[in-house]
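One structure below.
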Amino acid sequence: MNIQQLTIESILEGYRNKDFSVTDVTKMYLDRIKQYDATLHTFNTVTEEHALHDAKRLDQMLTNGDISLPLFGIPLAHKDIFVTKGIRTTASSNVLDDYIPQYDGTVVSRLKNAGTVLLGKLNCDAWAHGSSGENSDFGPAKNPWNTEYIPGGSSSGSAASVAAGLTPVSSGTDTGGSIRLPASFTNTVGLKPTYGLVSRYGVMAMASSLDSIGHFTKTVTDSALLLNVTAGPDGFDSTLRQEKENDYLENMKKGIKGIKLGIPKEYVSEGMEKEVKQKFEEAVKKFEKLGAEIVEVSLPHTDYGIAVYYIIQPSEVSSNLARYDGIRFGNPRSSFGDEAKRRIMLGTFTLSSGYYDAYYKKAMQVRTLIIKDYTNTFEKVDALIAPVSPTLPWKFGAKVDNPLAMYLSDALTVTINIAGIPSLSVPAGFSSNPKLPIGIQIMGPHFSEKKLFQIGYAFEQETNYYMEVPEL
Amino acid sequence: MKIDVKHIAKLANLSVKEDDISRFEKQLSDIVGYIDKLNELDTKDTPPTPQVTGLINVFRPDETAPSLTQEESLSNAKKKHNGLFVVEQILEEK
């Protein structure tokens, strides 16, 4: 059994067939973390004792034949902005390097109650500010496919750990692409759910009108299994939809004959790297082969996405990070890294007297136009497909001296957050030399996750990219 | 557009070293210069969207429930005294 290829499904099967115990599986992952994470640096904190304790408790249930919990004995790790009671949670920032939360967030406690085993807390760009992982105050996570390259961010450790087989699944957040970009750079499946589907309670807020709580898995099926546990109202997050979906795996294997897939023409431009364009075009042909109808559509305000995002997001960041005053928790504000300072200052500026109308209010108006672009498009098609990044993963250091260049990496991901719609990033192949992953994203109307899984599953089973694993 | 980093840093309660001011000034000015492209769009009659859900006035019943204990609340404070958070002096003796 190749541990790098284990999924929720195969682990549950293993428990049913009595191939191994929860402690066996947990120890396997903990050993892999010990073996590889000194190089890959995907974990900030490994909770070995805690994990083995959880595993022991679950093995008792296994002995009694009770493996009914939906994620029974599945190891997982959380991006280090998810508060975990009694377990250090740092946001990968020096401000919180010794913060120990007094409670579990909703997603953390739901996944715990579903039977998972917590392996630890994952490295990320500090405060989720970044597209490469390089803004972590503790040193960046590396791309397991080639450690000279960034894994993408901000959920860098979350993506890299799943890709490297250090955990079968991980949690992440996506405010401007922070799940989809690292997923596409690591050959993993990354789900950014609809804004208002998964509770943000207990996840350190970045931009409260944009933050989306999602996860990384090896397969589309696993992604749906996780969403079954995390989605739905909780009485703590007032932006959640009250209706609950019964099962995200319903209709997943139906196939996509007759489904209308739109390709936004602004997303496939000459500015794209050749191999990314090539893999996208191959993907389009695969969708046609599977029976989908491909339609060219337009999202005319695409080009304004970054400008809108880099007003709204820093504005909301400047407000959300005001709580870190070094009084109730954490270290003084002088411990903030440069990127956090930059974003706080940018947001303070755009919200300040005399500038609010020209910037934040203007951005909110253009936000209306971007939302309309999507609403109009979804009247013509069932879903959209597009690349996630205009480029391949880049080498460490390539963009650190130019914050604006780094921001432009989000050009194809931010309008999804601005509109609040869901998007699923799935593996779509590799570049030739060096071999680096390339992903595509499948976007749909609000709360259309079932459809995204249906489309993603069909593509995944046709291409089998998920079966490839990096040589560590 | 020149960003007054000293002023903004003061508003945001951030300390910026003298050596870093011009670097931040340039980076922030570049970014603000880029986001000015929104002026290309006529939004005179466009309503602003603060958040996408359309939900307003989402309340729960005004009932108390168990929360954090005093000890839990203080557990991460660097400075505490008598079960209280210690803060910087904000009022001066005249």
Only one of (1) in a loop (DSSP other than H, G, I, E, B); (2) exposed (fewer than 12 other Cβ atoms within 10 Å of the Cβ); (3) within 24 Å of the chain's Cα centre (by Cα) is not met by B:S22, so which one is it?
-> (1)
Determine if region A:210-222 includes at least one residue that is over 14 Å from the mean Cα position of the chain (by Cα), within 14 Å of chain B (Cβ to nearest Cβ) and not polar (S, T, N, Q).
-> no
Some residue of region A:322-335 being crowded, with 23+ Cβ neighbours inside 10 Å, closer than 27 Å to B:G33 by Cα and within 10 Å of another protein chain (Cβ to nearest Cβ) | no
Condition check for B:K10: surrounded by 13 or more Cβ atoms within 10 Å (Cβ to Cβ) and either among the small types (G, A, S) or more than 7 Å from every other protein chain (Cβ to nearest Cβ) (or both) = yes
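Identify all residues within region A:137-162 that are aromatic (F, W, Y) and farther than 22 Å from A:K192 by Cβ; write none if there are none.
A:F138, A:Y149
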Looking at this structure, is A:V108 open to solvent by less than 50 Å² (accessible area, probe 1.4 Å) and in contact with a Pro (Cβ under 8 Å, 6 or more places away or on another chain)?
-> no
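So which of A:Q278, A:Q313 ends up being among the polar types (S, T, N, Q), in contact (Cβ under 8 Å) with a residue 40 or more places away in the chain and either touching a Phe, Trp or Tyr at 6+ places or on another chain (Cβ under 9 Å) or more than 10 Å from chain B (Cβ to nearest Cβ) (or both)?
So the residue among A:Q278, A:Q313 that is among the polar types (S, T, N, Q), in contact (Cβ under 8 Å) with a residue 40 or more places away in the chain and either touching a Phe, Trp or Tyr at 6+ places or on another chain (Cβ under 9 Å) or more than 10 Å from chain B (Cβ to nearest Cβ) (or both) is A:Q313.
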Breaking point among (1) at the interface with chain A (Cβ under 7 Å from one of its Cβ atoms); (2) open to solvent by less than 100 Å² (accessible area, probe 1.4 Å); (3) touching a helix residue (DSSP H, G or I) at 6+ places or on another chain (Cβ under 7 Å), for B:L68 | (3)
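Only helices (runs of 4 or more DSSP H) wholly contained in region A:400-472 count here; list those with 1 or more residues that are within 12 Å of another protein chain (Cβ to nearest Cβ) and closer than 23 Å to A:S269 by Cβ.
A:403-407, A:414-419
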Can A:K380 be described as in contact (Cβ under 8 Å) with a residue 12 or more places away in the chain, among the basic types (K, R) and either in a helix (DSSP H, G or I) or more than 10 Å from chain B (Cβ to nearest Cβ) (or both)?
-> yes
Do you know which residues across region A:62-117 are within 24 Å of A:K18 (Cβ to Cβ) and over 23 Å from the mean Cα position of the chain (by Cα)?
-> A:L62, A:T63, A:N64, A:G65, A:D66, A:I67, A:S68, A:L69
Would you point out which residue out of B:T43, B:T49 is over 22 Å from the mean Cα position of the chain (by Cα), at the interface with chain A (Cβ under 10 Å from one of its Cβ atoms) and in a loop (DSSP other than H, G, I, E, B)?
-> B:T43
Open to solvent by 10 Å² or more (accessible area, probe 1.4 Å) and either in contact (Cβ under 8 Å) with a residue 60 or more places away in the chain or in contact with a strand residue (DSSP E or B) (Cβ under 6 Å, 6 or more places away or on another chain) (or both): does that describe A:K260?
-> yes
In region A:347-369, how many residues are crowded, with 23+ Cβ neighbours inside 10 Å, within 7 Å of chain B (Cβ to nearest Cβ) and over 22 Å from A:T302 (Cβ atoms)?
-> 2
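The values are calculated or read from the model by the stated rules, or taken from the named source; none is laboratory data. Predicted, not measured: the structure shown is a model, and the values here were computed from it. Don't worry about glycine lacking a Cβ; one is built from the backbone with ideal geometry, like all the others, and counts go over all protein chains shown. Ligands, DNA and RNA are stripped out before the accessible areas are found, and what is left, the full protein with its side chains, is counted by its heavy atoms. Shrake-Rupley method; radii C 1.70, N 1.55, O 1.52, S 1.80 Å.
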